[in-house]
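Asks: Quick one: this structure, given as structure tokens, is what I'll be asking you about.
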């Protein structure tokens, strides 16, 4: 079974092309025009063991908001498509990751029900052209597109770069666990028999 997806999405604000492989090695390049987002997607690919190719052209003259959000939407849609009927997956994942003084925890459920709980006292401002508040927007877009329940908590930290990086790494590790194949699971891990409706 090949668990891959390719999605292209074009609007008046952004043009996003994304290819995803769930059983990868972190291969691919990430080019969004937002350097810090590229760095976070590199971390996601490496620690999530995802092959991830991302190419985005966005209206960065208005800021990075549309580019970050739309990248998250397409990544979520690709996750949803690559998972198919979600049979045989572990479904749940969680991770706690430290990054120097920062620490983040992520718990997720590939439930078919989109929901984001985001708790982070991020310092105001931005890193490069990435406003720190866009972290929540990215995770909300992914959760909605992938139809996952996602809890992201930045438990401690003072450096915004470290805090956001810990969140992305924890998300990657939790996602890696949730999408992995459980050899003891013979069907869809749900009493209702589906995770897609």
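The values are calculated or read from the model by the stated rules, or taken from the named source; none is laboratory data. Keep in mind that what you see is a predicted model, and the values were worked out from it rather than measured. In this analysis, Cβ positions are derived from the backbone assuming ideal geometry, glycine residues included, and neighbour counts consider all displayed protein chains.
Asks: Can you tell me which condition residue 89 does not meet? The list is (1) buried (at least 17 other Cβ atoms within 10 Å of the Cβ); (2) at negative phi; (3) modelled with pLDDT of 95 or more, and all the others hold.
Replies: Of everything listed in (1) buried (at least 17 other Cβ atoms within 10 Å of the Cβ); (2) at negative phi; (3) modelled with pLDDT of 95 or more, residue 89 misses just condition (3).
Asks: State yes or no: is residue 146 buried (at least 24 other Cβ atoms within 10 Å of the Cβ), under 18 Å from residue 44 (Cα atoms) and in contact (Cβ under 8 Å) with a residue 40 or more places away in the chain?
Replies: Details: buried (at least 24 other Cβ atoms within 10 Å of the Cβ): yes; under 18 Å from residue 44 (Cα atoms): yes; in contact (Cβ under 8 Å) with a residue 40 or more places away in the chain: yes.
Yes; evaluated as a whole, the condition is true for this residue.
Asks: State which residue pairs qualify: first residue without any contact (Cβ under 8 Å) to a residue 40 or more places away in the chain and inside the range 1-28, second residue part of a loop (DSSP other than H, G, I, E, B) in any location, beta carbons under 6 Å apart, and separation of 6 or more residues or different chains.
Replies: Matching pairs, first to second residue: 23/3; 24/49; 24/50.
Asks: A follow-up question, please. Being modelled with pLDDT of 95 or more, buried (at least 21 other Cβ atoms within 10 Å of the Cβ) and touching a strand residue (DSSP E or B) at 6+ places or on another chain (Cβ under 8 Å) narrows it down to one of 96, 68, so name that one. Even if it seems obvious, please write down each step before you answer.
Replies: Details: 96 fails: buried (at least 21 other Cβ atoms within 10 Å of the Cβ).
Just one listed residue meets the conditions, 68.
Asks: Right, another one. Return the only residue of 45, 82 being within 11 Å of the chain's Cα centre (by Cα), surrounded by 16 or more Cβ atoms within 10 Å (Cβ to Cβ) and farther than 19 Å from residue 140 by Cβ.
Replies: 45
A quick yes/no check of all residues on (1) surrounded by 21 or more Cβ atoms within 10 Å (Cβ to Cβ); (2) under 16 Å from the mean Cα position of the chain (by Cα); (3) in a loop (DSSP other than H, G, I, E, B); (4) modelled with pLDDT of 95 or more:
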position: 17; (1), (2), (3), (4): no, yes, no, yes
position: 20; (1), (2), (3), (4): yes, yes, no, yes
position: 40; (1), (2), (3), (4): yes, yes, no, yes
position: 57; (1), (2), (3), (4): no, no, no, yes
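Asks: Considering every residue within the range 152-165, establish whether at least one is crowded, with 18+ Cβ neighbours inside 10 Å and either within 24 Å of residue 89 (Cβ to Cβ) or free of Cβ contacts under 8 Å to residues at least 24 places away in the same chain (or both).
Replies: Looking through the range 152-165, at least one residue is crowded, with 18+ Cβ neighbours inside 10 Å and either within 24 Å of residue 89 (Cβ to Cβ) or free of Cβ contacts under 8 Å to residues at least 24 places away in the same chain (or both).
Asks: Taking the range 106-132 only, how many residues are closer than 21 Å to residue 146 by Cβ and out of contact with any helix residue (DSSP H, G or I) (no Cβ under 6 Å at 6 or more places or on another chain)?
Replies: Residues meeting the conditions: 9.
Asks: So the check is Cβ under 8 Å with 6+ separation or different chains; which pairs have a first residue in the range 173-190 that's over 24 Å from residue 25 (Cβ atoms) and a second one that's surrounded by 15 or more Cβ atoms within 10 Å (Cβ to Cβ) and at pLDDT below 80?
Replies: Pairs that qualify, where the first residue is over 24 Å from residue 25 (Cβ atoms) and the partner is surrounded by 15 or more Cβ atoms within 10 Å (Cβ to Cβ) and at pLDDT below 80, are 188/195; 189/195.
Asks: Filter the range 43-55 down to the residues that are outside any helix (DSSP H, G or I) and closer than 13 Å to residue 19 by Cβ and list them by number.
Replies: Answer for the range 43-55, where residues must be outside any helix (DSSP H, G or I) and closer than 13 Å to residue 19 by Cβ: 50, 51, 52, 53, 54, 55.
Asks: Considering only residues that are surrounded by 15 or more Cβ atoms within 10 Å (Cβ to Cβ) and in a loop (DSSP other than H, G, I, E, B), which ones fall in the range 22-32?
Replies: Once the filter is applied, which keeps residues that are surrounded by 15 or more Cβ atoms within 10 Å (Cβ to Cβ) and in a loop (DSSP other than H, G, I, E, B), the range 22-32 yields 22, 23, 24, 26, 28, 32.
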